[in-house]
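Read the figures in this text as sums done on the coordinates, not as results from a lab. Because the structure is a prediction, the values reported are computed rather than measured. Positions of Cβ are backbone-derived with ideal geometry, glycine not excepted, and every protein chain shown enters the neighbour counts.
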Amino acid sequence: MKKTNLSEHNAAEVPNGAHYRIGVVVAEWNSDITNALAQGALDTLLHYGVAADNIPIVHVPGSFELTTGADLMLKNDSTLDAVICIGCVIQGETRHFDFICEAVSQGLTNVALKHEKPVIFSLLTTNDMQQALDRAGGKHGNKGVEGAVTALKMVAMQRQLEQQKR
Ligand code: RBF
């Protein structure tokens, strides 16, 4: 599947989230972008039936801290089914781009494996601010929407596997 728009998805394939509890960690760096991504994720989770009370949200200073934020959320709330991590790193504006992107992608993978829960990478890694705007509700959709749909699908997948366990 190749998508041209991050918000694009087949609603019929998205599980109902009425009994799911999904945390969201939002980085404050580039907050105009990350708040738009968080709103996209929140609206999508609500749309697919997740109760507002079952969407705890925490903020961390920057994308580098998403790993710790996700780890602490999962450690302190065993009822969480998944965590969506939202950030925006812009290459033209940071020499740390490669370090941060590498650390976050590796870090979130480790957190997911440690807690055995889906941890979703909703991190925009763009060359410039315009590319970020295009993916935070602009012409390429909203990566927060994609993250929410991914979380719902992953929780359903995990529950299905657990039910079929033998
Ligand atoms: N955090 C982001 O989420 N996006 C960025 O584009 C970003 N650029 C940074 C550039 C520099 C030079 C530094 C020092 C930090 C940057 N951070 C950024 C913050 C980083 O994720 C983290 O919060 C801080 O390094 C503190 O650990």
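Rounded to the nearest Hz, the phi-derived 3J(HN,Hα) couplings of region 119-130 under the Karplus curve 6.51 cos²θ - 1.76 cosθ + 1.60 (θ = phi - 60°) are 10, 9, 8, 9, 9, 7, 10, 10, 6, 8, 5, 4, where x marks glycine and proline.
Each residue of region 16-21 was assigned a 3J(HN,Hα) from its phi angle through the Karplus curve 6.51 cos²θ - 1.76 cosθ + 1.60 (θ = phi - 60°); the sequence is 6, x, 3, 10, 9, 10 Hz, with glycine and proline shown as x. Computed log10 I(q)/I(0) for region 28-75 at 0.22, 0.30 Å⁻¹: -0.89, -1.10, from the Debye equation with unit scatterers placed on every C-alpha and solvent omitted.
Here the relative contact order of the chain, from alpha carbon pairs under 8 Å that lie six or more residues apart, stands at 32 percent. Taking the charge dipole of region 20-165 about its Cα centre, with +1 at Lys and Arg Cβ atoms and -1 at Asp and Glu Cβ atoms, the residue from Ala41, Gly137, Gln163 reaching farthest to the positive side is Gln163. Amide H contacts of Tyr20: Ala51, each under 5 Å away and 5 or more positions distant or on a separate chain (H built 1.01 Å from N in the peptide plane; Pro and chain starts excluded). Kindly express, to the nearest 10 degrees and within the range 0 to 90, the angle between helix 66-76's C-alpha long axis and the longest C-alpha principal axis of the chain. The answer is roughly 30 degrees. Near Val26: Cβ cut-off under 15 Å, other residues only, Lys/Arg at +1 and Asp/Glu at -1. The net charge is -3.
Based on the alpha-carbon set only, what is the convex hull volume of the chain divided per residue, in Å³? Provide the component values of the computation, followed by the final result.
Values: hull volume 19.2 nm³, N = 166.
Per residue, the Cα convex hull of the chain comes to 115 Å³.
The angle between the Cα long axis of helix 31-47 and the longest principal axis of the Cα atoms of the chain comes to about 20 degrees, rounded to the nearest 10. Here the chain is scanned for GluC sites (Glu not before Pro) in DSSP loops (not H, G, I, E, B) that have at most 14 other Cβ atoms within 10 Å, and the longest stretch holding none of them is 29-115. For Ile120, the residues 5 or more places off, or on other chains, whose built amide H falls under 5 Å of its own are Val83, Ile84, Cys85.
Among 37-43, 14-20, how do they line up from the highest to the lowest mean number of other beta-carbon atoms within 10 Å? Walk me through the numbers on the way to the answer.
Details: 37-43: 23.0, 14-20: 16.9.
Per-residue mean Cβ counts within 10 Å order the peptides as 37-43, 14-20.
Using bins of 5 Å that start at zero, the share of Cα-Cα pairs per bin across region 68-166 amounts to 2, 12, 20, 20, 18, 13, 8, 4, 2, 1, 0, in whole %.
For the chain, the longest principal axis of the alpha carbon atoms and the long axis of helix 143-163 meet at an angle near 30°.
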